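> Here it is, the structure in full.
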Amino acid sequence: MISKDMQKALNEQVNKEFYSAYLYLAMSAYCSTAGLPGFAHWMRLQYEEENLHVTKMYDYILDQGGEVDLKMIEEPPKEFGTPLEIFEKTLEHEQFITKSIHNLMGLAVDERDYATQAFLQWYVTEQVEEEANVQDVLNPLRMVGNDKGGLMMIDQKLGGRAVSAAPAAE
Ligand code: OFO
């Protein structure tokens, strides 16, 4: 069982994870149109990961006898600028999501809701990986600057990103 406050906070996080998925899908479309198939592939996989983040939390709310409350998803931007700007925005977004997960964890601690703390630990760890994955792309992007050859090499590398393991079973 979860409190009403926790139910509301988890539903708000579901909405943020949906927005993340939407944002990455918009970024993927933008990169495809810009002739950057590797970047588009990376963003598309990110979109799929976000859908997993949504459904994992959705299932938890239901498993705890709570009510799922799906709100309207904000429209993502259509323009994202250069590859470097895209990844700077991505890091900013993931840092925002990390903060949001930490606030949720703070609520679970305040409420002495041990089940939700255990559940959220997966997201805390996942956010470390999310930010590190973005940094791994951001660093070479900062190095190559506007050099077309360098950008093409990074695009090729991102095209090889493999699907990451599904979230561990509960
Ligand atoms: Fe769901 O972690 Fe990214 O946003």
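> Any residue that is loosely packed, with under 15 Cβ neighbours inside 10 Å and among the basic types (K, R) - is there at least one of those in region 65-72? Talk me through it step by step, then tell me what you get.
Here is the first cut: in region 65-72, the residues loosely packed, with under 15 Cβ neighbours inside 10 Å are 65, 67-72.
Filter once more, so that each one left must be among the basic types (K, R): 71.
Among the residues of region 65-72, at least one is loosely packed, with under 15 Cβ neighbours inside 10 Å and among the basic types (K, R), which makes the answer yes.
Every residue, every condition in (1) more than 18 Å from the chain's Cα centre (by Cα); (2) away from the ligand (no atom under 13 Å from the Cβ); (3) assigned to a loop (DSSP other than H, G, I, E, B), yes or no:
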| site | (1), (2), (3) |
| --- | --- |
| L10 | no, yes, no |
| N15 | no, no, no |
| A29 | no, yes, no |
| R44 | no, yes, no |
| K56 | no, no, no |
| P77 | no, yes, yes |
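> Are any residues in region 112-123 without any contact (Cβ under 8 Å) to a residue 24 or more places away in the chain and either open to solvent by 50 Å² or more (accessible area, probe 1.4 Å) or within 16 Å of the ligand (Cβ to nearest atom) (or both), and if so, which ones? Full working, then the answer.
So the first thing to find is which residues in region 112-123 are without any contact (Cβ under 8 Å) to a residue 24 or more places away in the chain, and the list is 112, 114, 117-118, 120-121.
Passing the criteria: R112, Y114, A118, L120, Q121.
> Please specify each residue of region 21-37 satisfying the condition of being surrounded by fewer than 20 Cβ atoms within 10 Å (Cβ to Cβ) and not hydroxyl-bearing (S, T, Y).
L25, A26, A29, A34, G35, P37
> Follow-up question, since we're still on this one. Within region 130-145, can one find any residue that is open to solvent by less than 50 Å² (accessible area, probe 1.4 Å), in a helix (DSSP H, G or I) and under 19 Å from I61 (Cβ atoms)?
no
> Just a yes or no: is a residue in region 99-111 open to solvent by less than 40 Å² (accessible area, probe 1.4 Å), away from the ligand (no atom under 16 Å from the Cβ) and free of Cβ contacts under 8 Å to residues at least 24 places away in the same chain? Quick ask: steps written out before the conclusion?
Our first condition is that a residue be open to solvent by less than 40 Å² (accessible area, probe 1.4 Å); within region 99-111, this holds for 100-101, 104-106, 108.
Those left that are additionally away from the ligand (no atom under 16 Å from the Cβ): 106, 108.
Checking the rest, the ones that are also free of Cβ contacts under 8 Å to residues at least 24 places away in the same chain come to 106.
Yes, that holds for at least one residue.
The values are calculated or read from the model by the stated rules, or taken from the named source; none is laboratory data. Just so it is clear, the model here is predicted, and its values are computed rather than measured. A quick note on method: Cβ atoms are made from the backbone with ideal geometry, for glycine too, and the neighbour counts reach across all protein chains shown. When the accessible area is computed, the model is the full protein with side chains, heavy atoms only, and any ligands, DNA or RNA have been set aside. Shrake-Rupley method; radii C 1.70, N 1.55, O 1.52, S 1.80 Å.
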